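**Student:** This structure is in structure tokens; I'll ask about it shortly.
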Amino acid sequence: MIRVAAVGDIHLGVDSAGLLRPAFETLGDHADVLLLAGDLTRHGTREEGRVVAAEVAGLPVPVVAVLGNHDYHSDQEKAVTEELRATGVQVLEGDGVLLDLGGTRVGIAGTKGFGGGFAGRSGSDFGEPEMKAFVRYTRGCAAALGRALSELQEAGAALRIALTHYSPVPDTLAGEPPEIFPFLGSYLLAEAIDAEGADLAVHGHAHLGTEHGMTGDGVPVRNVAMPVIDRAFAVYHLGNHLHARR
């Protein structure tokens with residue numbers, strides 16, 4: 001049984017140093033890996049990225065992250081990524097990482113993802129160049145996520161996790177205004193997850209959403225935005241079955 005800790009939307013600023021460190025230092029007692037589901041900073045600056053990096057540096061478990069829309073806001077997403085990677089965080093975007101967790105090979109595929117909506121109420125790559133670019137960007141994120149999941153299976157991963165910022169399903173958006181669902185996720189991410197297979201999908205972004213959901217093919221989906229889980233991290237036990245331990 002693998003214990004997966006996860007949180008997103010921590011939105012740390014330059015005045016947030018030490019805010020989450022005490023909780024994160026207990027991870028060795030609770031989890032085998034920490035997943036960060038994007039929106040790690042408030043405005044996506046290098047200085048804020050450095051604060052996040054310090055919060056997770058030298059933890060007793062490996063840390064894997066994707067960025068979120070806030071982390072792109074200042075056009076310094078590369079700098080934020082550099083700060084995180086300098087402390088050993090695996091930052092994913094359209095790729096994956098294979099970890100040995102207590103003798104179990106666990107693959108994590110990650111992408112920020114993007115919006116577009118869900119089956120029956122979604123955008124399409126038709127019409128104006130701006131709309132086509134919007135949907136094609138999401139399609140590209142989903143395709144990269146699918147490739148990463150496939151490659152992890154080929155590499156011998158016993159368990160696979162899809163890590164995104166935007167949601168792959170509408171289930172975990174329940175509580176958000178329906179009018180903004182197209183800006184919170186896309187069914188294309190779920191299609192990629194179902195096509196290649198995964199044991200768990202984790203995302204953030206939807207602060208007013210719901211923790212539990214599922215893809216059409218039955219992959220458990222968890223919204224780990226901090227305002228949703230209301231704690232420093234949630235822990236999920238991944239093996240023959242999945243459940244959350246509070």
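Residue-wise test of (1) among the aliphatic types (A, V, I, L, M); (2) more than 15 Å from Asp9 (Cβ to Cβ).
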residue: Ala155; (1), (2): yes, yes
residue: Ala162; (1), (2): yes, yes
residue: His165; (1), (2): no, no
residue: Pro177; (1), (2): no, yes
residue: Tyr187; (1), (2): no, yes
residue: Ile193; (1), (2): yes, yes
residue: Gly197; (1), (2): no, yes
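**Student:** Can you find, within segment 108-130, the residue that is most open to solvent (accessible area, probe 1.4 Å) among those that are farther than 30 Å from Leu34 by Cα and in a loop (DSSP other than H, G, I, E, B)?
**Tutor:** Restricting to residues being farther than 30 Å from Leu34 by Cα and in a loop (DSSP other than H, G, I, E, B), the top hit is Phe126.
**Student:** Sticking with this structure for a sec: On the given criteria, is Ala17 open to solvent by 50 Å² or more (accessible area, probe 1.4 Å) and among the hydrophobic types (A, V, I, L, M, F, W, C)?
**Tutor:** When the stated conditions are applied, Ala17 passes them.
**Student:** Would you check which residues across segment 195-233 are open to solvent by less than 40 Å² (accessible area, probe 1.4 Å) and assigned to a helix (DSSP H, G or I) and list them?
**Tutor:** Val228, Ile229
**Student:** Go through (1) among the β-branched types (Val, Ile, Thr); (2) open to solvent by less than 20 Å² (accessible area, probe 1.4 Å); (3) over 19 Å from Val91 (Cβ atoms) one by one and return the number of the condition Thr26 breaks.
**Tutor:** (2)
Table: residues versus (1) in contact (Cβ under 8 Å) with a residue 60 or more places away in the chain; (2) of a type outside the set (Gly, Ala, Ser).
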{"position": "Gly116", "(1), (2)": "yes, no"}
{"position": "Lys132", "(1), (2)": "no, yes"}
{"position": "Gln153", "(1), (2)": "no, yes"}
{"position": "Ala158", "(1), (2)": "no, no"}
{"position": "Asp171", "(1), (2)": "no, yes"}
{"position": "Gly213", "(1), (2)": "no, no"}
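**Student:** Moving on. Return the residues of segment 74-107 that are aliphatic (A, V, I, L, M) and open to solvent by less than 20 Å² (accessible area, probe 1.4 Å); say none if nothing qualifies. Lay out the reasoning, then the answer.
**Tutor:** Taking segment 74-107 and keeping what is aliphatic (A, V, I, L, M), we get 79-80, 84, 86, 89, 91-92, 97-99, 101, 106.
Result: Ala79, Val80, Leu84, Val89, Val91, Leu92, Val97, Leu101, Val106.
**Student:** Let me ask another. Report yes if some residue within segment 44-65 is buried (at least 21 other Cβ atoms within 10 Å of the Cβ), out of contact with any Leu (no Cβ under 6 Å at 6 or more places or on another chain), assigned to a strand (DSSP E or B) and not hydrophobic (A, V, I, L, M, F, W, C); otherwise report no.
**Tutor:** No.
The values are calculated or read from the model by the stated rules, or taken from the named source; none is laboratory data. None of the values given here were measured: they were computed from a predicted structure. With ideal geometry, Cβ positions are generated from the backbone for all residues, glycine too; neighbour counts draw on all protein chains shown. Calculation scope for accessible area: heavy atoms of the full protein, side chains included, ligands and nucleic acids excluded. Shrake-Rupley method; radii C 1.70, N 1.55, O 1.52, S 1.80 Å.
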